[in-house]
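What follows is a single structure, written as structure tokens, with notes after it.
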Amino acid sequence: MIKCNVTVCGTVSRQAQMRANKEGTQFASFGINIVIPAKSGINKTVEISVAKTCNNLSELPPIQVGTRIEVAGILMFHKKGEALYLNLSATGINTFNASNNDGINGTMEFRGTLGKQIEDKTTKSGKSFTVFSAYSSEKDGDNY
């Protein structure tokens, strides 16, 4: 289980709409696009699906497609086949103080088992980093 406490800054890509989960709890759902810069010059756009518990859309700040927005909450990763899905359970939404730069900032927690090979490597510019493989069968982030 990978769980990230993050603040995401990006552009609204899908209009907010009200939905209900299996228990009947109401929440607003919308999408955010974040452009991640690459050194090669070919930037990668990542879409994050956001859910915010509320009774109606009037409880949220105005969320229009194309609006810059900052969202704080818990980011979860889900992989189905080759597709990777990013879902953000929002605790706060801010439209008036959103940065002009896209980004994801925060901390990451991992619950699972590390693989046998853990390597410390160095980039060409001299920065060190660690490479490892891991797996987790934990599916419920609430039992963290």
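The values are calculated or read from the model by the stated rules, or taken from the named source; none is laboratory data. Keep in mind it's a predicted model, so treat the numbers as computed, not measured. Ideal geometry is used to build each Cβ from the backbone, glycine not excepted, and the neighbour counts take in all protein chains shown.
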Members of the range 87-105 that are closer than 14 Å to A28 by Cβ, touching a Pro at 6+ places or on another chain (Cβ under 9 Å) and without any contact (Cβ under 8 Å) to a residue 40 or more places away in the chain: T95
Would you point out which residue out of K116, K39, K3, K80 is among the charged types (D, E, K, R), at pLDDT below 90 and in contact with an Asp or Glu (Cβ under 6 Å, 6 or more places away or on another chain)? K3
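Just to verify a result, which residue in the range 106-119, among those that are under 17 Å from the mean Cα position of the chain (by Cα) and either loosely packed, with under 12 Cβ neighbours inside 10 Å or aliphatic (A, V, I, L, M) (or both), is farthest from V131 (Cα to Cα)? I'd like the intermediate steps shown before the answer.
Restricting attention to the range 106-119, the residues satisfying the condition of being under 17 Å from the mean Cα position of the chain (by Cα) are 106-110.
From what is left, the residues that are either loosely packed, with under 12 Cβ neighbours inside 10 Å or aliphatic (A, V, I, L, M) (or both) are 107-108.
Details: T107: 18, M108: 15 Å.
Only one residue tops the list, namely T107.
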Output yes when any residue across the range 23-31 is exposed (fewer than 11 other Cβ atoms within 10 Å of the Cβ), charged (D, E, K, R) and over 19 Å from A83 (Cα atoms), and no when none is. yes
Can you find even one residue in the range 48-60 that is aliphatic (A, V, I, L, M), at pLDDT below 90, surrounded by 12 or more Cβ atoms within 10 Å (Cβ to Cβ) and over 13 Å from the mean Cα position of the chain (by Cα)? yes
Name the pairs: first residue in the range 66-86 and exposed (fewer than 10 other Cβ atoms within 10 Å of the Cβ), second residue in a strand (DSSP E or B) and of a type outside the set (D, E), Cβ to Cβ under 8 Å, at least 6 apart or on different chains? G66/T11; G66/V12; K79/Y85
Failed criterion for L88 (all others in (1) touching a Gly at 6+ places or on another chain (Cβ under 6 Å); (2) at pLDDT below 90; (3) not hydroxyl-bearing (S, T, Y) hold): (2)
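Looking at this structure, is T25 under 26 Å from E109 (Cβ atoms) and out of contact with any Asp or Glu (no Cβ under 8 Å at 6 or more places or on another chain)? Even if it seems obvious, please write down each step before you answer.
On the way: under 26 Å from E109 (Cβ atoms): yes; out of contact with any Asp or Glu (no Cβ under 8 Å at 6 or more places or on another chain): yes.
For T25, the condition - under 26 Å from E109 (Cβ atoms) and out of contact with any Asp or Glu (no Cβ under 8 Å at 6 or more places or on another chain) - is met.
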Looking only at the range 7-17, decide whether some residue is of a type in the set (K, R) and assigned to a strand (DSSP E or B). yes
Select, from N87, N100, the only residue that is closer than 18 Å to S13 by Cβ and over 15 Å from the mean Cα position of the chain (by Cα). N100
Whether any residue in the range 133-143 is of a type in the set (A, V, I, L, M, F, W, C), more than 30 Å from T11 (Cα to Cα) and either surrounded by 12 or more Cβ atoms within 10 Å (Cβ to Cβ) or touching a helix residue (DSSP H, G or I) at 6+ places or on another chain (Cβ under 6 Å) (or both) is what I want to check. yes
Test: residue in the range 126-135 that is among the small types (G, A, S) and under 24 Å from G24 (Cα atoms): no
